[in-house]
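I have placed the structure first, in the form of structure tokens, so that the comments after it can refer back to it.
None of the figures in this text is laboratory data; all of them are computed from the coordinates on show. Keep in mind it's a predicted model, so treat the numbers as computed, not measured. FYI the Cβ positions are ideal-geometry reconstructions off the backbone, even for glycines, and counts take in every protein chain you see.
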Amino acid sequence: MEIAVFILFALVAVISAIAVITHPNPVYSTLSLIVTLFATAVLFVLLGAPFLAALQILLYAGAILVLFLFVIMLLNLRRQRSTSPRGRGQVTVAALGAVLFFGTLAASLLATGRPEPGALAPVSLHQLSRALFSHYLLPFQIIGLLLLVAVIAATVLARRAPAPEEER
Amino acid sequence: MTVPVAWYLVLAALLFAIGAFGALFRRNGITVFLSIELMLNAANLTLVAYSREIAELSARITGQMVVFFALAVAAAEAAVGLALFIAIFRQRETIDLNRLNLMRW
């Protein structure tokens, strides 16, 4: 049963990931990435991390990719598609690099020594939140600061230049 | 019957390779950015898969916490990156990466 669910959602993840990088329209690429992230969230549940699965859907699919969609619509990219030529041999080199990379990565991940798995009770939300607000309190505060800095930086970067002679 | 952790690792490697191919191959800046998010997601999958394998509870919590912080950093990165794309688009009217060669040697 678990294996069937894994295979189903692994296939969904891989197919939609391929759709992300092959679709010419960035809107459909973003929507395909949302499908990949949902499939990965299901795998997180299988791995005993339901909190991360919920975060994945809320934060990634709900917030980050909506931001992507907003920016794509703001930039209105439809009118300029494939305006520049692809570099010579770029497809070959990229494919070769990706395949080699996959081989190296899979081989090294599989060759890594692993301890014997213990009792596979999922980590409860209670344990996670206790760790987050005691042992990981400082990183948690720093992450909050980082997000604040990122919001300010994004606002400054995306602001229209306040110069008197506006170029638009 | 649980799924062996090796399957998750191979799936994560495959997703990461797909993302790497997209980042090398596409010319649209937004799609390259999406490919980078895909790679980040594959790395998270690896962390969660390993965190299930470890019997010690504190180590498993650490594995999940790292993924939690990686998600938060991804949110910050996406906000700044997309703001950069908007700023570049204002200046150059394009986000085609082949045309953004001002700093090219």
Order of A:H126, A:H135 from fewest to most other C-beta atoms within 10 Å?
A:H126, A:H135
Starting with the fewest neighbours, write out A:V12, A:V123 ranked by other beta-carbon atoms found within 10 Å of each beta-carbon.
A:V12, A:V123
Does the protein assembly as shown come out rounded, prolate or oblate by the C-alpha gyration tensor, with a ≥ b ≥ c the root eigenvalues, rounded set by a/c under 1.5 and, if not, prolate when a/b is larger than b/c and oblate if not?
oblate
For A:N76 and A:I7, what does the FRET efficiency come to when R0 = 45 Å and r is the distance between their Cβ atoms, rounded to the nearest 0.05?
0.70
Kindly identify segment B:5-92 as rounded, prolate or oblate by the Cα gyration tensor criterion: order the square roots of the eigenvalues as a ≥ b ≥ c, call it rounded if a/c is under 1.5, otherwise compare a/b with b/c, prolate if a/b is larger, else oblate.
oblate
Just want the ordering: A:T40, B:T94, from fewest to most Cβ atoms lying within 10 Å of their own Cβ.
B:T94, A:T40
In order through segment B:52-68: 3J(HN,Hα) via Karplus (6.51 cos²θ - 1.76 cosθ + 1.60), integer Hz, x for Gly, Pro
6, 6, 7, 6, 5, 5, 5, 5, 5, 5, 4, x, 6, 5, 4, 5, 4
Residue by residue through segment B:14-20, what is 3J(HN,Hα) from phi via Karplus (6.51 cos²θ - 1.76 cosθ + 1.60, θ = phi - 60°)? Round to whole Hz and write x for glycine and proline.
5, 4, 5, 5, 4, x, 5
At what distance in nm do the modelled label points of A:L148 and A:H135 sit from each other, each positioned 7 Å from its Cα along Cα→Cβ?
2.7
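Can you give the FRET efficiency for B:N101 and A:T22, using 1/(1 + (r/R0)^6), R0 = 35 Å, r = Cβ-Cβ distance, to the nearest 0.05?
0.90
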